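Notes follow once the structure below has been shown.
The values are calculated or read from the model by the stated rules, or taken from the named source; none is laboratory data. Just so we're clear, the structure is a prediction, and the values are computed from it rather than from any experiment. Because the Cβ atoms are built from the backbone with ideal geometry, glycine has one as well, and the counts that use them run over all protein chains shown. Accessible surface is based on the protein model in full, side chains and every heavy atom, while ligands, DNA and RNA are left aside. Shrake-Rupley method; radii C 1.70, N 1.55, O 1.52, S 1.80 Å.
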Amino acid sequence: MARIFNFYAGPATLPLSTLEFARAELLDWEGTGTSVMETSHRSKEYDEVHNEAIALFTELLGLDDDHQVLFMQGGASSQFAFLPLNFILPGGSADYINTGTWSQKAIKEANIIAKCRVAGSSEDDGFTRIPSMTELDLDPNAAYVHFTSNNTIKGTQFHEFPDTDDVPMVADMSSDILWRPFDANKFGMIYAGAQKNIGPSGVTVVIIKKSWLEKANSNLPTMFQYATHSAKNSLYNTAPTFAIYMVRNVLRWVKENGGLSGMEKRNRDKADRLYGVMRSFPDFYTCPVEEASRSVMNVVFRLPNEELEAKFVSEAKADSMVGLKGHRSVGGCRASIYNAMEPAGVEHLAKFMEAFAKNNS
Ligand SMILES: *Cc1c(COP(=O)(O)O)cnc(C)c1O
């Protein structure tokens, strides 16, 4: 079988065992004689998958009784609007930390719906760093403070979270949820499109603080209210059942592989290997991101010129590695090395980078 090493930013590679598991029972799921994707979302069999996925999230993140896991649709991009719709009440405003593309999109939606303040930004530095916590100008009356924990495109990541006191903290963790242990109970809300770190596209995970949800705007279309999904355990309407089934498989895999501390060790080793290659060839590979803000999930780098970058991407493809081209808005190269990327894939890339630098310097 020819499985390549897939460095796409999202949808991204999934653990091979989770795909094999799904394949083995695709036509006859747990002896039902049908597949999970052909089964009613109201069936007892599906309900077990749904609740196991929620239970695994709860366990892996150590969620308390006040935090609930929801499965929604419309991607992280819909959350950019649902969040202010639900939580910025008339006359209120919310604080946003601007670290580039995804936070800018979130800010744009919040400004359509209500009012938001930019409480910190690294725009003047081309978003090549995460603003330091002391730079933030937080409003104690804000409805919430929103940030993007990992900028998938620029390759920057929050390595510590802001201290927002009593103001609920909200994070778009689409590209780094479950990459390491952290205190999820400190958050008012966390959301993540599944297609980077936890499954296929089509489902968006939302972790919400129930006592905060009680204060949300209820004068909204039914499907736009978090309260609807909360009250119905994410089964108000037809859930994206196959995507949730795959998320369940991935969460089982995370648990079997040491949980979040296992993921952290695996991820740090992989990222260290790639940043290490860049340090060994400083005249050939440059990382545009300030050292302290470098992402463990999306490693971005430049080569001496665009011709070499194109050559790098095409030779890598011939050597079983895809998805290494940087986002179209920034150019350069990017290796997305989420939880599921095998250490062997990173080792293959690191060796390729070393040889490519030697052959083209
Ligand atoms: C990919 C990504 C998004 C967009 O997610 P969709 O599910 O496509 O809407 C939002 N935020 C971040 C940080 C992302 O990486």
Open item on the list: Once R0 is set to 22 Å, what does the formula 1/(1 + (r/R0)^6) return for the Cβ-Cβ distance between Ala355 and Ala310, expressed as a FRET efficiency to the nearest 0.05?
Closed with: 0.80
Task: Whether the stretch 125-239 is rounded, prolate or oblate, judged on the alpha carbon gyration tensor where a/c under 1.5 counts as rounded - done: oblate
Open item on the list: Less than 11 Å Cβ to Cβ from Arg3, Lys/Arg counted +1 and Asp/Glu -1: what total charge do the surrounding residues give?
Closed with: -2
Task: Rounded, prolate or oblate (a/c below 1.5 giving rounded, otherwise prolate when a/b exceeds b/c) for the stretch 153-303 by Cα gyration tensor - done: prolate
TODO: Evaluate the charge dipole of the stretch 259-360 about its Cα centre and quote only its size in Debye, nearest 20, assuming +1 on the Cβ of each Lys and Arg and -1 on the Cβ of each Asp and Glu.
DONE: 180 debye
Task: ³J(HN,Hα), Karplus 6.51/-1.76/1.60, whole Hz, each residue of the stretch 163-177, x for Gly, Pro - done: 9, 9, 6, 8, 7, x, 9, 10, 10, 7, 10, 3, 10, 8, 4
TODO: Between Asp183 and Glu48, take the C-beta separation as r, use R0 = 30 Å, and let me know the FRET efficiency to the nearest 0.05.
DONE: 0.55
Open item on the list: If I ignore ligands, DNA and RNA and count only protein heavy atoms, how much of Met189 is accessible to a 1.4 Å probe, in Å² to the nearest 10?
Closed with: 0 Å²
Open item on the list: I need to check one value: relative contact order of the chain, counting alpha carbon pairs closer than 8 Å and at least 6 residues apart, in percent.
Closed with: 23 percent
Task: Accessible surface, per residue, of the chain when the full set of protein chains is kept, probe 1.4 Å, Å² - done: 43 Å²
Task: Summed side-chain charge close to His41 - residues other than His41 whose Cβ falls under 13 Å, Lys, Arg +1, Asp, Glu -1 - done: -1
Task: the chain: antiparallel DSSP beta bridges as a percent of all, rounded to 5 - done: 55 percent
- [ ] Go through Lys108/Lys265; Lys255/Lys317; Lys154/Lys351; Lys265/Lys351; Lys44/Lys215; Lys255/Lys358 and tell me which ones have a Cα-Cα distance over 30 Å in this structure.
- [x] Lys108/Lys265; Lys255/Lys317; Lys44/Lys215; Lys255/Lys358
Task: In the stretch 113-179, trypsin sites (Lys or Arg not before Pro) in a DSSP loop with at most 16 other beta-carbon atoms within 10 Å - done: Lys115
Open item on the list: With bins 10 Å wide starting at 0, give me the P(r) of the stretch 259-360 over every alpha carbon pair, in whole percents.
Closed with: 15, 52, 29, 4, 0
Open item on the list: Rounded, prolate or oblate for the chain? Axes are the square roots of the Cα gyration tensor eigenvalues, ordered a ≥ b ≥ c, and the cut-off for rounded is a/c under 1.5.
Closed with: oblate
TODO: Determine which residues of the stretch 28-67 fall in the zone a paramagnetic label at Ser211 would reach in this model, i.e. backbone nitrogen under 16 Å from the point 7 Å along Cα→Cβ.
DONE: 63-67
Task: Local net charge near Arg23, Cβ-Cβ under 15 Å (Lys/Arg +1, Asp/Glu -1) - done: -3
Open item on the list: Going by amide H atoms built from the backbone, whose H comes under 5 Å of the H on Leu70, apart from near neighbours?
Closed with: Val206, Ile207, Ile208
